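*Asks:* What follows is a structure written as structure tokens; I'll ask about it next.
The values are calculated or read from the model by the stated rules, or taken from the named source; none is laboratory data. Predicted model, so just to flag it, every value in this text is computed and none were measured. For neighbour counting, all protein chains shown are included, and Cβ atoms are generated from backbone atoms with ideal geometry for every residue, glycine included.
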Amino acid sequence: MKKFRTDLHIHTVLSACASLDMSPVNIVSAAKEKNIDLIAITDHNSTLHCKLVKELAEEKGLAVLFGAEVTTREEVHCLAYFGDIASLEQFQEYIDSYLPLIPYLPEQFGYQVLVDKEEKILKLFVNYLNVALKQSIDEVEQEVHRLGGLFVPAHIERAMYGLFNQLGFVPEALACDALGIMSRSSESAIRNKFRIADNMPLIKASDAHAPVQIGSGCSIFEMNDLSFEEIKKALTGTDGRRITTE
């Protein structure tokens, strides 16, 4: 069994809240410098930079998990992870179907840009991406699992967009593969505060919006390799695999 250092919540320039320094090239470079083995690209309600980051990362020996940070109708931020392009593209179609089209001022709230590997802008999004989908948290979870993905409510302890602040509890029927916590949080403190069972894995990640933040919060996955199937097994604690937080 090997130990892999992971940061599974990173935004690119496609998220309005992210620095314009968060190009795919810079993200891969920063992750390598910080000795990270696996990253996840989780832009707000978009998967469109995932494939480029993976392409660039493979050249550097860095693994990439496809993802997105979805805002549900209840304004809970949830992470969705996928192991293949087909599922990722289907999930993007799902997002597009339920995303309200709300124009905004990019110069005031931040630019949302799609870039190529030379950092040239391919598209500027003029409708705000970080809005609530017309789907409940239960509906998002069910779609993620229908597509074979993993569903993880993000930064559950956060005062804004966190599961406990928005809902006050974890719905009994909600099938979470893990719960996300913030980079500065203590796993034991979070478990005690919210009475989270030991068999529910917690994933600590940076939620990076600038290159310097990448790796500021990490989880250690103990598993055989960096495949999606091994990640699933680590989340369920199968055959000695496990997850710990730094």
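*Asks:* Output the residues belonging to region 72-94 that are surrounded by 18 or more Cβ atoms within 10 Å (Cβ to Cβ) and over 22 Å from E229 (Cα atoms).
*Replies:* Matches in region 72-94: T72, V76, H77, Y94.
*Asks:* Another question, then. For the list (1) on the phi < 0 side of the Ramachandran plot; (2) in contact with a helix residue (DSSP H, G or I) (Cβ under 8 Å, 6 or more places away or on another chain), I need the number of the one condition that A40 fails.
*Replies:* Exception for A40: condition (2).
*Asks:* Further, regarding this structure: Please find, within region 50-71, the residue that is surrounded by the fewest Cβ atoms within 10 Å (Cβ to Cβ) out of those that are under 17 Å from M22 (Cα atoms) and touching a His at 6+ places or on another chain (Cβ under 9 Å).
*Replies:* My answer is G67.
*Asks:* Related question: Would you check which residues across region 103-130 are part of a loop (DSSP other than H, G, I, E, B), among the acidic types (D, E) and loosely packed, with under 11 Cβ neighbours inside 10 Å and list them? Quick ask: steps written out before the conclusion?
*Replies:* Of region 103-130, the ones part of a loop (DSSP other than H, G, I, E, B) are 104-105, 110-112, 116-120, 125-126, 128-130.
Among the residues that remain, those that are also among the acidic types (D, E) are: 116, 118-119.
Once the filter is applied, which keeps residues that are part of a loop (DSSP other than H, G, I, E, B), among the acidic types (D, E) and loosely packed, with under 11 Cβ neighbours inside 10 Å, region 103-130 yields only E118.
*Asks:* Just give me the residues in region 217-246 being within 21 Å of L163 (Cβ to Cβ) and among the small types (G, A, S), in sequence order.
*Replies:* G217, S219 - these are the residues of region 217-246 that are within 21 Å of L163 (Cβ to Cβ) and among the small types (G, A, S).
*Asks:* Sort through V152, V212 and tell me the only one that's under 27 Å from V13 (Cβ atoms), part of a helix (DSSP H, G or I), within 19 Å of the chain's Cα centre (by Cα) and modelled with pLDDT of 95 or more.
*Replies:* The unique qualifying residue is V212.
*Asks:* Select from region 9-60 the residues that are in a strand (DSSP E or B), small (G, A, S) and within 20 Å of I220 (Cβ to Cβ) and list them in ascending order.
*Replies:* Passing the criteria: only A40.
*Asks:* Which one of these does I27 not meet: (1) crowded, with 24+ Cβ neighbours inside 10 Å; (2) in contact with an Asp or Glu (Cβ under 7 Å, 6 or more places away or on another chain); (3) among the aliphatic types (A, V, I, L, M)?
*Replies:* (2)
*Asks:* Please go through region 197-214 and pick out each residue that is aliphatic (A, V, I, L, M) and touching a residue at least 24 places away in the same chain (Cβ under 8 Å).
*Replies:* Across region 197-214, the qualifying residues are M200, L202, I203, A205, A208, A210, V212, I214.
*Asks:* Okay, moving on. Just checking, does region 134-142 include any residue being under 18 Å from L48 (Cα atoms) and touching a residue at least 24 places away in the same chain (Cβ under 8 Å)?
*Replies:* Within region 134-142, not a single residue is under 18 Å from L48 (Cα atoms) and touching a residue at least 24 places away in the same chain (Cβ under 8 Å).
*Asks:* Is it the case that I231 is under 27 Å from V28 (Cα atoms), touching a residue at least 12 places away in the same chain (Cβ under 8 Å) and not in a strand (DSSP E or B)?
*Replies:* yes
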